[in-house]
Amino acid sequence: MDDALSLQRARDFRQSSRRSFLIGSALAAVVGTDLAFTRVIQSQREQTRILPLDDDAARARFPNDRWVLFPGYKTSWEEGLWILNSLRPALARRAQMAVMGYSNRGLDINNVVATMNRYVDNFRLEKLYFYGHSFGGMVAVEVAARLRDRGIPVELVLLDSSPSSRFDVRDQRMFDGVVLLYEAGVRVPISLRGTYELGERIVHKNERTWSQIVDQTLEQVSPLAPSSELIQSESSYIYHFDVSRFSLSLGDTKVVFAGNPDDGVVDYATARAGWARALPDNVVATDYVTGGALPAHASPQWNPGIYQSIVTAVQDAYVPAPGGGGWKRYF
């Protein structure tokens, strides 16, 4: 009886082991393929690029004007275009549209400025408007200030839930840890990116549903996602950003802050106060609220109607349409 039982267990073990081996081999093959594609795609994104969003009507009306979106933390090129396309009905009323695509080698602000300068020269741009998506607002403000040095004015910077300093970021411990590792020379390998992202998303679980956490984690595991080095360098940029450096170099550029009191990523109250305090000659409004947006932090792609109405109101107030019909009264 004992011998028969032992033989049965041995057969079950062999079947289980074979099944486990096949499942493990299949998973390893999937992961290996994903990593191979990831390396290929990321190598093709080593140069900072400006990605256009075509719109025939905007091209005809505004051949020399551009809205440029500066994407937020961990935002891929594809998601940046998705965000821009969500805002298209409003933005296209003033200019053509494009997205700044950051290099996967890491965020290099000098490279971003140089790319913007070439873009202005190549298309002979006359009017520029910047949309700063989350941390992208910091980049937009610095780029606008540095373009001024060349005599290229940016008429408007719209900040979407942008922190004015690292102290506006709510989750300080994880954020500080990412920067500490990066500046100590530790780079998160591609193979651990999914684990890293899942941990960060779980920390912010109060802002997102579990289904969104899973979806956004899978986005970061995707070969299209930004590199770990880009994400770490973005963290370092936020950590060292000092808006006071630009208080005298923005000229007459108008700055508008929009946000949400329910934001769980960036402290709405301290961020809007920080921008107004640091740029008193440029900030013209901080009272635009993305109420009802879910998630509450910088989410035009999920809440296009809410954000389009804000963009439309901001444009009507601060960058009126050029010679756009209506009655003219002469005195």
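The values are calculated or read from the model by the stated rules, or taken from the named source; none is laboratory data. These figures come from a predicted structure and were not determined experimentally. Heads up, the Cβs are rebuilt from the backbone with ideal geometry, glycines too, and the neighbour counts pull from every protein chain shown. We work out accessible area using only protein heavy atoms, side chains counted, and drop any ligands, DNA or RNA first. Shrake-Rupley method; radii C 1.70, N 1.55, O 1.52, S 1.80 Å.
Of the residues in the range 121-135, at least one is farther than 25 Å from residue 276 by Cβ, open to solvent by 30 Å² or more (accessible area, probe 1.4 Å), without any contact (Cβ under 8 Å) to a residue 24 or more places away in the chain and part of a helix (DSSP H, G or I). Counting just the residues of the range 97-139 that are among the aliphatic types (A, V, I, L, M) and over 23 Å from residue 224 (Cβ atoms), which one comes out nearest to the chain's Cα centre (by Cα)? Top of the filtered list is 138. Restricting attention to the range 60-71, does a residue exist that is touching a residue at least 60 places away in the same chain (Cβ under 8 Å) and more than 23 Å from residue 254 (Cα to Cα)? Within the range 60-71, not a single residue is touching a residue at least 60 places away in the same chain (Cβ under 8 Å) and more than 23 Å from residue 254 (Cα to Cα). Residues that are farther than 16 Å from residue 92 by Cα and either part of a helix (DSSP H, G or I) or of a type in the set (Asp, Glu) (or both) within the range 298-312 comprise just one, 306.
Within the range 106-113, can one find any residue that is buried (at least 24 other Cβ atoms within 10 Å of the Cβ) and either in a loop (DSSP other than H, G, I, E, B) or modelled with pLDDT of 95 or more (or both)? There is no residue in the range 106-113 that is buried (at least 24 other Cβ atoms within 10 Å of the Cβ) and either in a loop (DSSP other than H, G, I, E, B) or modelled with pLDDT of 95 or more (or both).
Within the range 238-254, the set of residues being part of a loop (DSSP other than H, G, I, E, B) and at negative phi comprises 241, 242, 247, 248, 249, 250, 252, 253. Each residue in the range 247-294 was checked for being crowded, with 17+ Cβ neighbours inside 10 Å and closer than 22 Å to residue 149 by Cα, and 10 pass.
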